[in-house]
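Inspection log for the structure reproduced underneath, given as C-alpha cells.
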Amino acid sequence: MTFRALRHVAGLCLAAAVASTTAWPAHAAKPEPGAYTGKLQDALYRIDVPAHWNGDLVMLMHGYQPVGAPITTPMTPADPTPVFLKKGFAVAQSQYASQGWAVSDAIADTERLRQHFVRTYGQPPHTYIYGFSMGGLSAAASIERYPHAYSGAMITCGLTVSTPDFLARGVVTPLVAFDALIPGVIPDVAAPDSPPAISPDAIAKAVEAHPKEAALLAGRLEEKAETLPTLALYYMAFREIETRAGGMPVDNRKEVYKGFGDDVTFNRRVRRYDATPKAAEYTRNNVTLTGRIEIPLVMQWNAFDPTIPTRFHGVYPAQVRAAGAAKWLTVLAPVGDGHCNFTDEQTAEAFDTLVRQAVVHGKH
C-alpha cells in the first residue's frame, strides 16, 4: 500500500477545481457563480457557487489527512462537491488548520467558515452539513454542538465513534492483537523511540507468512486478511494523536480480551498500557459524542469497509436511539465495497433522502 493508497483509504482523494478561483470580496452582494477561496485563522477554505444556485448551502467536512500530505493553494474541492453543485447548492469547505486527527480544528474551522458565509452573503434559507470518513465524526459533533445552525446532516462512511472508544477498540485492540499473534511487526505504540509510521508492506508480508493467525485476526476484527495492512494507517494516526495529546491516551491494563484464540494465553502476551491523565482528557474533549441530536440525520456505509469495519457502524445510531432521538435518524442500507466508495448517484440519492426528511420534520 503506497502513500497514495493510504490517502485514498482515508477518504481524501481530491478532485480538480470545478471553477476558476477568485478572492472572496469583503462586502459583496449575491456572489457570481464560481469558486471563492481564502484563509480564515490558518485554515484554507473554499466556497463554490453554481450557476443555478438555489440559495441553500452545504458545509462539507473532509476525512483524515496524514500529517505532511501535500496541500494545494487555493484549496481544491473534495470529490463529492460536484454532486451538491449540480443540485443547485453552494458548497463551503475548510481544509482545517491542521492535518492528522484534526477533529477539534475541523469543528471550529467549519463553524467559522459557516459564520463567514452568513456575514458575507446572508443567512441561507437552509444549511446542511455533510461529512465523510473522519469528517463524519466532526459532522456528528458539530450537529450536537450547533443544532440550530443546520436543517439536516448527512454522514457517509463515517467514523462516528467517540475518540476514546475508537482509540481503545479501533486502534489499540487491533494493534496489540496483531502483535500478540504475529510478534515483531508492530512497534510499541507508547515507546518514545518507536517510528511515527510503519510500512503496510511489512504487515502484508507478515500476514502472508502467518495465514492461520491472520485469519483469526480478520474474523475477530470483522475484516479480511488482505485488509489488515490498513493497520499501518491506524498506527500512524495513533502516533500523531499521542503527539497532540501529550502522552498515551489509552489504558488497557485491566482489559480482558476475548475472541483471539486461547484467551488466557492471549491476555498474557498482549502489551499493556497505562494512560496519561492529560492525554485521556484530550481524547475525551476531541471528541466524545452523546447521540443527542435535534435535526434529521442520514447515515450510510459501504457494505464492506476495510478502514472503518462493520463493528463501528452501529455505534452512533445506537447512541442516537438511546438518547431518545430516533425520530431524527435514517440509516440507509449499505452499498458497495471499499472506504467511501460511493457513486455520485448514490451520494445524490442519500442527500435527496435527507432533504425529504427535513421537509417531513419541518426543517426545510
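Observations on the structure shown:
- In the set (1) part of a loop (DSSP other than H, G, I, E, B); (2) farther than 25 Å from Asn341 by Cβ; (3) without any contact (Cβ under 8 Å) to a residue 12 or more places away in the chain, Pro70 fails one condition alone, (2).
- Qualifying position, being closer than 30 Å to Phe260 by Cα and either among the hydroxyl-bearing types (Ser, Thr, Tyr) or not in a helix (DSSP H, G or I) (or both), among Pro125, Pro196, Pro174: Pro196
- Failed condition for Leu167, given (1) open to solvent by 30 Å² or more (accessible area, probe 1.4 Å); (2) out of contact with any Phe, Trp or Tyr (no Cβ under 6 Å at 6 or more places or on another chain); (3) in a helix (DSSP H, G or I): (1)
- Taking (1) of a type outside the set (Ser, Thr, Tyr); (2) farther than 22 Å from Leu159 by Cβ; (3) open to solvent by 20 Å² or more (accessible area, probe 1.4 Å); (4) part of a loop (DSSP other than H, G, I, E, B) in turn, Val118 satisfies each apart from (4).
- Members of segment 303-347 found to be open to solvent by 40 Å² or more (accessible area, probe 1.4 Å), modelled with pLDDT of 95 or more and assigned to a helix (DSSP H, G or I), listed by number: Ala318, Gln319, Arg321, Ala322, Ala326, Lys327, Asp344, Glu345, Gln346
Let's see how each residue does on (1) part of a loop (DSSP other than H, G, I, E, B); (2) of a type outside the set (Ser, Thr, Tyr); (3) modelled with pLDDT of 50 or more:
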residue: Met1; (1), (2), (3): yes, yes, no
residue: His8; (1), (2), (3): no, yes, no
residue: Pro25; (1), (2), (3): yes, yes, no
residue: Arg46; (1), (2), (3): no, yes, yes
residue: Leu60; (1), (2), (3): no, yes, yes
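- Cβ-Cβ under 8 Å pairs, at least 6 apart or on other chains, segment 84-96 side in contact (Cβ under 8 Å) with a residue 12 or more places away in the chain, far side of a type in the set (Lys, Arg) and open to solvent by 10 Å² or more (accessible area, probe 1.4 Å): Ala92/Arg114; Ser94/Arg112
- Yes/no for Ala350 being closer than 30 Å to Ala218 by Cβ, open to solvent by less than 20 Å² (accessible area, probe 1.4 Å) and in a helix (DSSP H, G or I): yes
- If you go through segment 243-280 and keep only what is among the hydroxyl-bearing types (Ser, Thr, Tyr) and exposed (fewer than 15 other Cβ atoms within 10 Å of the Cβ), you end up with Thr243, Thr265.
- Unmet criterion (only one of (1) at pLDDT below 95; (2) open to solvent by 10 Å² or more (accessible area, probe 1.4 Å)) for Ser199: (1)
The values are calculated or read from the model by the stated rules, or taken from the named source; none is laboratory data. None of the values given here were measured: they were computed from a predicted structure. Cβ: placed from backbone, ideal geometry, glycine included. Neighbour counts: every protein chain shown. For accessibility, only protein heavy atoms count, side chains too; no ligands or nucleic acids. Shrake-Rupley method; radii C 1.70, N 1.55, O 1.52, S 1.80 Å.
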